[in-house]
Amino acid sequence: MTKKKIKLYFQPDKVNEPITYHLVKEYDIKFNILRAVVEEKGGRLLIEVEGQPAQISKGIAYLQSIGVDVKEMNEYVMKDVSRCTNCGMCVSICPAGAIEMDRETWEVIFDQGKCIACGLCVTACPPQAMKLKI
Amino acid sequence: MKRTYEEINAKIQRGDAVVMTAEEAIKLAESNGIEKAAKEVDVVTTGTFGAMCSSGAFINFGHSEPPIRMKRVWLNGVPAYTGVAAVDAYIGVTEEREGNGPPYGGAHVIEDLVSGKAVHLRATASGTDCYPRKDIDTYISLRTVNQAYMYNPRNAYQNYGVATNSSDRTLSTYMGKLLPHYGNMTYSSAGQLSPLLKDPTLRTIGIGTRIFLGGGIGYVAWEGTQYKTTPPVKNDVPVGPARSLAVIGDLRGMSTEFLQPLTFTGYGISLAIGIGIPIPILDEDIMRTAVLRDDQLFAPVFDYAIQSRNRKPIAEFSYAQLKSGSVELFGKKVQTSSLSSYYKARIIADRLKKMIEESEFMLTRPVERLPEERTQRALDVCSREDVL
């Protein structure tokens, strides 16, 4: 099983397509919606998918075939180390436990893998070191 | 054991003073005892790096041709106060740029100046016989201005309250983002490294004391605003905000490593400033407080959902508990966050230690001691007669 975070972009005419249903039913993919925006110009969806690598690839191919723009995301929140003071304000804000304080060095450790791209740390960071990339 | 400022400075001059950061002195006192530690160590260094809203800088721009008596002045669009002489101004760190755009305030202007950038100056005036000019639009930098010095009315608070939120909505405060239903807790003191916690009655920190300020050298100018001596004490140290310092120091010589503009979403702008103060070990008593540990220093918790100056503490924790990452409040595990950087506080205490060891930083006896007793007054809506 592998896990991937992907960003989907829909044209307005595709917003009625039951794509998540197909992903589960046809490709046995587990998914978690991290972020969803629907507006006049279409919709954007950030999802975490989990399943067999081959099935994930097929699922992505299916999405592309119906005209959904798919982009694999490796980095959602970026930490600007030159601005981070290692205060730790973000540590208690992060609902995913992706940010931890190293109590030996007192440096803030950000684990991209656990990040769910909620963006709470972005507005909570006093020196504005956290930037949302999506 | 007694030691004088003169003896300590003579050792610093010779390069053989024994200097330790508060963390190192704690370890030494734990293994050898306070008596031996006091004998061995001449100076203990402290450090803090946190939001210090009551800060800003005086700048003298020099005179234009023809001269202007500035009535309104903006630095990179941020209003500065110029209700003093013709080309003097004070830029406060929390002042914000007019109009829309990304957060930018006095703190950013100071950061830009210290990093050597050009800053846009615009000023207007009514024009007088001696100062005929009515406006000016130009650029300044630390290279072009006469004086540019920080004068901060309240810095280096001796301890501070911890913030949490009982309400059902997120609060945007100067203590950071506070999640609903006691969702998190934020504290701001560096605890065992924080300057005024290590000499709690300010025996050695007073007017004229030389300090590490924003990467350069500064001095204690006065008691800080809202200085008070009345909070309850534990292990001789106030539990909650007590004494504070007004400090002064040249922007030239400071470094952006120790000055960081902060944006508190929904609240405003502030400046994190690095301050380090050396504690001369004059006797065992001062060593006893200099080596107080996080588990011996306490802070009260306030519920920021109560919008009143009279809110009472709802709990009390040691800095060891706060720094562990979570505490238990009303039977619930609550995650903690620090607003000041302990990482930077360590660097500052260490930097100051090196400066003293290398005879670059001499210690000073206070010219005057700061008040031994002081209560804090409140602002009430009164009649003219009430206030007399």
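Taking every residue in segment B:287-307 that is modelled with pLDDT of 95 or more and pairing it with any residue that is among the charged types (D, E, K, R) and surrounded by 20 or more Cβ atoms within 10 Å (Cβ to Cβ), at least 6 positions away or on another chain, the pairs with Cβ-Cβ distances below 8 Å are B:Thr289/B:Lys198; B:Thr289/B:Asp199; B:Ala290/B:Lys198; B:Ala290/B:Asp199; B:Leu292/B:Lys198; B:Asp294/B:Lys323. Looking at A:Thr123 and the list (1) more than 7 Å from chain B (Cβ to nearest Cβ); (2) under 21 Å from B:Pro261 (Cβ atoms), which single condition is not satisfied? Unmet condition: (1).
Among the strands (runs of 3 or more DSSP E) confined to segment B:118-163, the ones with at least 3 residues that are at pLDDT 95 or above and more than 19 Å from B:Gly62 (Cβ to Cβ) are located at B:148-155. Got at least one residue in segment B:336-354 being more than 14 Å from chain A (Cβ to nearest Cβ) and of a type in the set (Gly, Ala, Ser)? No, that holds for no residue. Considering B:Tyr149, B:Tyr174, B:Tyr182, B:Tyr227, which residue is open to solvent by 10 Å² or more (accessible area, probe 1.4 Å), of a type in the set (Phe, Trp, Tyr) and away from chain A (no Cβ under 14 Å)? Result: B:Tyr149 is the single residue among B:Tyr149, B:Tyr174, B:Tyr182, B:Tyr227 that is open to solvent by 10 Å² or more (accessible area, probe 1.4 Å), of a type in the set (Phe, Trp, Tyr) and away from chain A (no Cβ under 14 Å). B:Phe302 meets each of the listed conditions (1) farther than 30 Å from A:Val81 by Cα; (2) in contact with a helix residue (DSSP H, G or I) (Cβ under 7 Å, 6 or more places away or on another chain) apart from (2). None of B:Ala305, B:Ala272, B:Ala299, B:Ala242 is assigned to a loop (DSSP other than H, G, I, E, B), crowded, with 24+ Cβ neighbours inside 10 Å and in the same structural domain as B:Gly176 (by TED's automatic domain parsing) except B:Ala242.
Considering segment B:249-267, the residues that are open to solvent by 10 Å² or more (accessible area, probe 1.4 Å) and either among the small types (Gly, Ala, Ser) or under 11 Å from the mean Cα position of the chain (by Cα) (or both) include one that is farthest from the other protein chains (Cβ to nearest Cβ), namely B:Gly253.
If the condition is being small (Gly, Ala, Ser), open to solvent by 30 Å² or more (accessible area, probe 1.4 Å) and away from chain B (no Cβ under 14 Å), then segment A:54-107 contributes A:Ala54, A:Ser57, A:Ala61, A:Ser65, A:Gly67. Looking at the structure I just gave you, is B:Ser359 at pLDDT 95 or above, in contact with a Gly (Cβ under 6 Å, 6 or more places away or on another chain) and of a type in the set (S, T, N, Q)? When the stated conditions are applied, B:Ser359 passes them.
The values are calculated or read from the model by the stated rules, or taken from the named source; none is laboratory data. Just so you know, these numbers come straight off a predicted model, no measurement behind them. Cβ sites come from the backbone with ideal geometry, for glycine too, and all protein chains shown count toward neighbours. Just so you know, the surface numbers come from the protein's heavy atoms only, side chains and all, with ligands and any DNA or RNA stripped out. Shrake-Rupley method; radii C 1.70, N 1.55, O 1.52, S 1.80 Å.
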